[in-house]
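The block underneath contains the structure these notes are about, expressed in structure tokens.
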Amino acid sequence: MTTHGDPATRSGAPTVAARTGSSETDETPPGPTGDGLPAALTGLRAAIGAARFPLALPSAEPARHTGRALTDQLDDYLLPRLARLDAPLLVVVGGSTGAGKSTLVNSLVQARVSAAGVLRPTTRSPVLVCNPADAAWFRQGELLPGLTRTNEPSEDPGTLHLVTAPALAPGLAFLDAPDIDSVVDANRALAGQLLAAADLWLFVTTAARYADAVPWELLRAARSRGASIAMVLDRVPPEAADEIAAHLSEMLAAQELGAAPLFVLPETWVDGQGLLPDRVTAPLGGWFARLAADAEARAAVVRQTLDGALASLHPTVEALADAADEQVAAADALDDRVRAAYQGAHRTVAEGMKDGRLLRGEVLARWQEFVGTGEFFRTLEARIGRLRDRLVAAVTGRPATPATELRNAIESQLVTLLRGVAAEAAEHTYTAWKAHPAGAALLEPSLAHASADLPERAERLVRDWQRAVLELVREEGGDRRFVARTAAYAVNATGLAVMIAVFASTAFIPTGLEVATGAGTTVAAQAVLQAIFGDQAVRTLAAKARGDLLERVRTLLDEEAARYLARTDAARPGPEAAAGLRRAAARVEVARHRSGLADQAGPALPTPTPTPTPEDGIR
């Protein structure tokens with residue numbers, strides 16, 4: 001009993017085997033692709049491997065899945081198939097749970113090579129059956145290299161069980177894939193991977209399940225890749241065969257799959273070995289026998305599927321590049337939110353030096369205590385003399401706490417401002433990131449607050465700035481007679497006046513707010529400093545000191561912002577990822593057109609013979 005047609009058809013098998021390169025000693029004939037296409041595909045694989053999608057965007061997981069699928073297809077099918085266009089035609093048998101795939105494969109090769117049964121999932125690892133003459137090609141592992149070859153059944157989905165069947169003509173192999181809708185995630189993923197490595201899909205469905213959504217999703221994917229497809233409608237009640245077949249044909253036509261050969265298998269009994277009657281499988285077996293015997297037809301099928309897969313790469317990779325662009329855009333958006341918050345904090349500090357808020361409270365009280373009021377301003381010499389007396393007391397050891405207390409008050413006021421703006425910026429950034437899907441995934445609770453050591457760093461910043469102001473006064477007034485006469489205590493006093501002047505909005509042109517809250521504070525500072533340096537020098541000193549402080553504040557806030565920016569930097573994909581993907585896809589497209597595959601592909605599948613009227617029976 002046979003399912004492969006008459007002996008005359010099968011007698012051509014040795015010639016086919018020789019032409020398909022089934023012997024290990026055969027040399028690979030030159031293909032039409034040249035060196036350009038494999039090199040372009042290798043470059044594309046490298047570009048896909050370099051693309052990362054770490055940020056938690058809606059497009060990220062689909063992109064990662066697409067990247068894995070493309071890499072699998074390149075490794076499993078495109079590169080090895082391009083290397084051996086004459087290798088045996090691989091028919092992957094796929095379908096829904098319980099569709100009878102294993103029973104059909106067993107019946108076509110006339111041997112129980114794949115486990116069939118009522119328990120699901122039945123097929124735990126894929127089974128590949130071929131003629132003994134073709135075993136070497138599949139055993140070498142060039143096709144589906146990620147699957148470990150084994151000669152024994154296995155429950156490990158990472159293995160490929162190789163079986164030889166003399167009843168199967170050379171040049172053709174069947175791969176019984178796991179269920180496409182298996183309850184086991186690994187089985188479903190493997191089924192999709194195997195189908196992408198097929199030269200020809202043999203899609204098996206049943207009269208009860210041919211309209212299920214999952215098979216049609218895969219069929220549409222196959223159509224988009226230009227894959228060669230044949231359909232088997234299994235377990236069809238004889239009385240409804242015409243109606244169901246017509247409906248399925250309409251559905252195939254609606255999905256632009258009307259050219260796919262359709263075989264209708266009726267409900268029937270299986271024999272003691274679990275095989276279908278030969279009369280049921282004869283049309284499908286004869287169809288495959290004719291395909292196996294026609295090397296040109298097989299080559300055309302290979303070229304059609306290969307060119308379809310290559311043509312589908314460009315739009316798929318373009319979508320991958322778009323997802324890579326979204327990753328970069330999301331990282332930039334998160335960075336923008338960080339910078340906006342901390343730039344706002346910097347502006348707040350700058351405004352605090354202009355609007356008089358830093359001249360209030362303790363600073364104002366200590367300044368008034370330091371310089372005095374009223375008669376102090378009657379004459380310039382008197383003002384300077386009294387200031388000098390206070391400073392002499394400071395350097396000779398006599399009690400003169402107002403200067404120290406003023407310096408401490410300035411430090412405390414600035415540190416309080418810095419702590420406040422840093423805390424506010426951290427809170428704003430945390431809230432902004434939490435509202436962004438990519439940002440929320442990067443957050444941790446500590447980021448909602450300023451760094452634990454910020455108070456210490458802020459205090460150090462202010463002290464360093466105060467020392468820098470004194471050095472500035474020393475440099476700017478080094479050749480002035482006043483500084484020479486009054487020595488260090490004049491520098492200290494002048495420095496304190498400069499610090500007070502920094503907090504004035506218009507360099508000693510008091511505003512209403514300053515007059516109201518500062519009680520003439522800036523006017524006092526102006527008088528002291530102008531007496532020493534002159535009006536323009538006063539403005540220059542205040543501007544330099546203010547700029548220095550703001551620059552130090554910027555550095556402090558940048559360090560705080562870096563806690564966030566470091567997270568986006570670690571997650572940010574390379575800036576060239578999307579461009580690299582697009583360049584690689586374009587090179588593949590150019591090489592594809594130059595290869596001539598599309599010109600040599602074409603309709604090659606044999607026309608199915610009419611299915612005989614089945615006898616009643618139930619399987």
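Values in this text are rule-based calculations from the coordinates and carry no lab data. Not measured: the values here are computed from a predicted model. Because the Cβ atoms are built from the backbone with ideal geometry, glycine has one as well, and the counts that use them run over all protein chains shown.
Using the beta-carbon distance between GLU351 and ALA56 and R0 = 45 Å, what value does 1/(1 + (r/R0)^6) give for FRET efficiency, to the nearest 0.05?
Given R0 = 45 Å and the Cβ-Cβ separation, E is 0.80.
Please report the net charge: other residues with Cβ closer than 13 Å to the Cβ of GLU444, K and R +1, D and E -1.
On the way: positive: LYS434, ARG563, ARG567; negative: none.
Net local charge, GLU444 excluded: +3.
Label-to-label distance for ALA452 and SER224 is 5.0 nm, based on points extended 7 Å past Cα in the beta-carbon direction.
When Rg and the Kirkwood radius Rh are both evaluated on Cα atoms of region 142-280, their ratio Rg/Rh stands at 0.97.
Reported to the nearest whole Å, the Cα centre-to-centre distance from region 422-440 to region 188-219 is 45. Both radii come from the Cα set of region 211-267: Rg as radius of gyration, Rh as Kirkwood radius; their ratio Rg/Rh reads 0.98. FRET efficiency for the GLU444 to SER249 pair, using the beta carbon distance and R₀ = 56 Å, is estimated at 0.45.
3J(HN,Hα) couplings calculated from phi for region 88-97 with the Karplus curve 6.51 cos²θ - 1.76 cosθ + 1.60 (θ = phi - 60°) are, in sequence order, x, 6, 9, 9, 8, 9, x, x, 7, 4 Hz; Gly and Pro show x. Between ARG554 and GLU217, the contour length at 0.36 nm per residue exceeds the alpha carbon distance by 115.8 nm. For a straight C-alpha distance cut-off of 21 angstrom, no lysines are reachable from LYS101 once same-chain residues fewer than eight places away are disregarded.
For SER59, list long-range residues whose amide hydrogen, built 1.01 Å from N in the peptide plane, is under 5 Å from its own amide hydrogen. Counting only residues 5 or more places away or on other chains, the set is empty.
The string of couplings for region 215-225 from the Karplus curve (6.51, -1.76, 1.60, θ = phi - 60°) is x, 6, 4, 5, 5, 5, 5, 5, 4, 5, 8 Hz, one whole number per residue in order, with x for Gly and Pro. Treating cross-link reach as a plain straight distance, find the lysines whose alpha-carbon is under 27 Å from the alpha-carbon of LYS544, omitting any fewer than eight places away in the same chain. Counting by Cα, and skipping residues close in sequence, LYS544 has these lysines nearby: LYS354.
The alpha carbons of region 175-238 stretch over 34, 28, 21 Å along the principal axes, in descending order.
With 0.36 nm allotted per residue and the present C-alpha distance subtracted, the THR607-SER412 stretch has 61.1 nm of extension available. On full extension, the segment bounded by GLU576 and TRP269 gains 104.5 nm, given 0.36 nm per residue less the C-alpha separation. Could you tell me what fraction of 2.2 N^0.38 Å the Cα radius of gyration of region 276-331 comes to, as a two-decimal ratio? Output field value: 2.06.
Projected label points at ASN151 and ASP185, each 7 Å from Cα along the beta carbon direction, are separated by 3.6 nanometres.
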